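Structure first, then comments.
The values are calculated or read from the model by the stated rules, or taken from the named source; none is laboratory data. Predicted model, so just to flag it, every value in this text is computed and none were measured. Here the Cβ positions follow ideal geometry from the backbone for every residue, glycine too, while neighbour counts run over all protein chains shown. These area figures cover heavy atoms from the full protein model, side chains too; ligands, DNA and RNA do not enter into them. Shrake-Rupley method; radii C 1.70, N 1.55, O 1.52, S 1.80 Å.
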Amino acid sequence: METKETTLDKIRTRPRFKMYTHLSKETYAENLKKYLAEHKDEFTGNVNTEVATISVLTKDDSYWKPCLALRTELDEEITVIRGVFGPSSAVWTFFMFLYFLFTISWMTFFTMYYVENQINSHEYPWALHASFLMLILIAITYAAARFGQSKAKGEMKKLRKFAEESTLIFEKIVES
């Protein structure tokens, strides 16, 4: 098994990795189901031949409860497993909505300020301040996401270990 990770993966909001294995997609999915069943007191998830979603069982749920999405693809007779860490889809959608809302608002307010200066109008004196406020809100949203990531770092390590062990153990069995 070979794992690839780049520097960019460490700074993303949703860290990613790739693993390569000689197991078929179907065999990998069956092995993943077995591994999940063996560790049902620690992990929960849903597995099929294309996609698996795994999360760590915890006593309390926080807004950044990490999930591991594993997608399997066939590339020249080698199975590529792409892993993406992130919060639940509802939380991820909410954060993307906030980024979109604040970015569009920033562009709108800054455009209002720029056009106002170009035509020497003084109808929107607050536009520049509002655009800076939107930048601050974008930074706060990013900081909240990074805080949630750091808070869930232990669970993310467990999920990474899950991805590696579930592939490595069954790959060794096939090679034997």
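For region 78-120, what is the accessible area per residue in Å² when the probe is 1.4 Å? Intermediate values should be presented prior to the final figure.
On the way: 2560 Å² over 43 residues.
In whole numbers, region 78-120 has 59 Å² accessible per residue.
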Report the GluC sites (Glu not before Pro) located in region 16-90 that are in a DSSP loop and have at most 12 other Cβ atoms inside 10 Å of their Cβ, or state none.
-> Glu42, Glu50, Glu76, Glu77
Residue by residue, what Karplus-based ³J(HN,Hα) values in Hz, rounded to whole numbers, does region 40-49 have, using 6.51, -1.76 and 1.60 with θ = phi - 60° and x for Gly and Pro?
-> 5, 7, 10, 10, 9, x, 10, 10, 9, 5
Residue-wise, which Karplus ³J(HN,Hα) couplings in Hz belong to region 86-102, taking 6.51 cos²θ - 1.76 cosθ + 1.60, θ = phi - 60°, and x for glycine or proline?
-> x, x, 4, 4, 5, 5, 4, 5, 4, 5, 5, 4, 4, 4, 4, 4, 5
Under the classification rounded if a/c is under 1.5, otherwise prolate if a/b is larger than b/c and oblate if not, where does region 24-124 fall, given a ≥ b ≥ c as square roots of the Cα gyration tensor eigenvalues?
-> oblate
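How far, in nm, would the chain grow between His22 and Thr44 when pulled straight, counting 0.36 nm per residue and subtracting the alpha carbon separation? Don't jump to the answer; show the numbers that get you there.
Values: separation 22, 0.36 × 22 = 7.92 nm, distance 2.53 nm.
That works out to 5.4 nm of additional length.
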Between region 100-154 and region 26-47, what is the C-alpha centre distance in whole Å?
-> 43 Å
